[in-house]
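The values are calculated or read from the model by the stated rules, or taken from the named source; none is laboratory data. Note that this is a predicted model, so its numbers are computed, not measured. Please note: Cβ atoms are built from the backbone with ideal geometry, for glycine as well, and neighbour counts cover all protein chains shown.
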Amino acid sequence: MNTSIPVDVPDAFAASYSRNNASGRAWIAALPGLAADFLDRWTLRPDGPAGHGMASLVLPVTRADGTPAVLKLQQVTQDNAGAALGLREWGGNGVVRLLDHDPDTGTMLLERLDATRPLSSVADDSAAMQILAELMARLVAVPAPRGLRHLADIAAAMLDQVPRAVPALRDPAERRLLRTCAAAVAELTGEPGDRLLHWDLHYDNVLAGQREPWLAIDPEPLAGDPGFELLPTLDNRWEAVVATGDVPRAVLRRFDLLTEVIGLDRQRAIGWTLGRALQNALWDIEDGKTALEPAQVAIAEALLHR
């Protein structure tokens, strides 16, 4: 282990994990040693302060040949377990390139992008949405490899939860909306799709690069219908949607652009977007919430009334 190179874990990142559970606290305690181990194993030199997202620590590094890269360390979860498999399958086409991977710890060595320039820095929302739609079209063009979670299983599990979850909502209109979303998913479960989905593609998960102007990062891959990809894009920069003064029109403008660029059947895309709203609602209810997120309600209602 290369103990001569200290690796500082940002306090905010450590605190967020400490609030999680015993396993998260143990992982944070072991993180400096884990990082130092991979700096040594992959012959890397730290090249700036560590950054972090919600679930991962990202350390800028330089490889032995002088190539800039980033070392990404994260606890392996059900959501990110297929990240390396998905990145390998995409092979850098529209997405950050995977340079090395340790399957035991989930540690990845990735191409370095410009973390100071996410797609959310593009002020023109129409231009940003076009870029995102074109990236998404490239990503979902790839068939999903074996070994990923499948939307069919996720959809079945969601439908099983609905009868227990609906009564937790205070508003009868929201309970009806959740049942409507579930009905839309039930109609589509026989055709869950077979594309490789990013599952969390939004403006802040696209960074400027040198190899390409924009590249996606942080996939949580699964196999399924591309319509299940759209919701995080539709509620991007939600304050801008509200500021238009006509939320349904703004939502449908985005939806129509996405489905046109990607080449999706719009009715199926509506159904799977309602399914994504259902998934988010079920997570919120599991966390003890008794009302749906207003943006999710607005998107679902705009699609149902088009």
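Just the residues that are loosely packed, with under 15 Cβ neighbours inside 10 Å and either of a type in the set (Lys, Arg) or in a loop (DSSP other than H, G, I, E, B) (or both), please, taken from segment 122-137.
Ala123, Asp124 - these are the residues of segment 122-137 that are loosely packed, with under 15 Cβ neighbours inside 10 Å and either of a type in the set (Lys, Arg) or in a loop (DSSP other than H, G, I, E, B) (or both).
Restricting attention to segment 63-121, which residues are hydrophobic (A, V, I, L, M, F, W, C), crowded, with 20+ Cβ neighbours inside 10 Å and in a loop (DSSP other than H, G, I, E, B)?
Once the filter is applied, which keeps residues that are hydrophobic (A, V, I, L, M, F, W, C), crowded, with 20+ Cβ neighbours inside 10 Å and in a loop (DSSP other than H, G, I, E, B), segment 63-121 yields Val96, Leu113.
Can you confirm whether Leu169 is within 17 Å of Trp283 (Cβ to Cβ) and either among the hydroxyl-bearing types (Ser, Thr, Tyr) or surrounded by 14 or more Cβ atoms within 10 Å (Cβ to Cβ) (or both)?
When the stated conditions are applied, Leu169 passes them.
Restricting attention to segment 41-50, which residues are closer than 22 Å to Ser16 by Cα and crowded, with 16+ Cβ neighbours inside 10 Å?
The one that is closer than 22 Å to Ser16 by Cα and crowded, with 16+ Cβ neighbours inside 10 Å: Ala50.
Being more than 21 Å from Glu134 (Cα to Cα), in contact with a strand residue (DSSP E or B) (Cβ under 6 Å, 6 or more places away or on another chain) and touching a residue at least 40 places away in the same chain (Cβ under 8 Å) is the filter here, so list the residues in segment 81-105 that pass it.
Once the filter is applied, which keeps residues that are more than 21 Å from Glu134 (Cα to Cα), in contact with a strand residue (DSSP E or B) (Cβ under 6 Å, 6 or more places away or on another chain) and touching a residue at least 40 places away in the same chain (Cβ under 8 Å), segment 81-105 yields only Asp100.
Where in segment 145-247 are there helices (runs of 4 or more DSSP H), lying wholly inside it, with at least 3 residues that are assigned by TED's automatic domain parsing to the domain that holds Asp287, among the aliphatic types (A, V, I, L, M) and without any contact (Cβ under 8 Å) to a residue 60 or more places away in the chain? Quick ask: steps written out before the conclusion?
Details: elements: 151-165, 172-188, 231-234, 238-243.
Output list reads 151-165, 172-188, 238-243.
In segment 252-306, how many are loosely packed, with under 15 Cβ neighbours inside 10 Å and not in a helix (DSSP H, G or I)?
9
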